[in-house]
Amino acid sequence: MAQSGLRGFAFSLRPATRAPGRVAPAPDGDPGFDALVIEACQVLAATDCAFTVRGFGGSWPVDVAYDLSTLVEQLPRLLRDLRARRDGQIGFYGQGIERTVHFSPCGERLRLTCTSRTSWTPDPAVEIAGAASLEEMILRLMSAFCSSLETARSPLADASPFSSWR
């Protein structure tokens, strides 16, 4: 069983440093959180930001357009679960990744278990991480997400809830 602050499982978003050539307008009406995340990730995929995930034996083949979107859609719920000291999980659904990470509180730490739905096998299948470190990692990604939308000059940076992630 690997133990770490977050030397094992980790995800991050390197913020965008430049805007895409074309800035997309804000969507009309209230498309809902998941649709906003999908649209925002399409904007970010046209920038130089980079999304990375690693753990359970190596780096994961993730991208900004799809994999970041599926993660960001799940972060508010995961954050609520962590703060309430409840079990939580995040799923990665991209073809070839297809795995779920389960988070179980153990005092001030978390037991992370990775389950694969492909031939890939996590090694190790269980890691231990600090609950506070995981929460900080989530908040850093959410902040980088919003600042990247600002750098991209996207009106989505001011959409709720992204504007509160600054």
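Brief remarks follow.
- Close amide H contacts of residue 89 (hydrogens built in the peptide plane, cut-off under 5 Å, sequence separation of 5 or more or a different chain): 103.
- Projecting the Cα atoms of 163, 42, 133 onto the charge dipole of the chain (Cβ charges, centred on the Cα centre) puts 133 farthest toward the positive pole.
- Cβ-Cβ distance of residue 63 and residue 86, R₀ of 22 Å, FRET efficiency by 1/(1 + (r/R0)^6): the value works out to about 0.15.
- Counting only Cα atoms, the size of the chain along its three principal axes is 47, 33, 26 Å, in decreasing order.
- Rounded, prolate or oblate (a/c below 1.5 giving rounded, otherwise prolate when a/b exceeds b/c) for region 74-162 by Cα gyration tensor: oblate
- Within region 84-166, GluC sites (Glu not before Pro) in DSSP loop having at most 13 other beta-carbon neighbours inside 10 Å: 108
- Residues 153, 99, 86, 54 ordered from highest to lowest accessible area at a 1.4 Å probe: 153, 86, 54, 99.
- In the context of the full set of protein chains, region 70-139 has a per residue accessible area of 47 Å² (1.4 Å probe).
- Helices of the chain meeting both criteria, an alpha-carbon length of 27 angstrom or more along the long axis and an average Kyte-Doolittle score not below 0.0, with helices taken as full DSSP H segments, are 131-151.
- Note on the chain: with neighbouring protein chains present and a 1.4 Å probe, carbon and sulfur make up 49 percent of its accessible heavy-atom surface.
- Fraction of beta bridges assigned by DSSP in the chain that are antiparallel (%, nearest 5): 90 percent
- Given charges at beta-carbon only (K, R positive; D, E negative), |dipole| of the chain in Debye: 420 debye
- The Rg/Rh ratio for region 74-114 is 1.02, where Rg is the radius of gyration of the alpha carbons and Rh is the Kirkwood radius.
The values are calculated or read from the model by the stated rules, or taken from the named source; none is laboratory data. Keep in mind the model is a prediction, meaning the values are calculated, not measured. Glycine gets a Cβ as well: all are built from the backbone with ideal geometry, and neighbour counts include every protein chain shown. When the accessible area is computed, the model is the full protein with side chains, heavy atoms only, and any ligands, DNA or RNA have been set aside. Shrake-Rupley method; radii C 1.70, N 1.55, O 1.52, S 1.80 Å.
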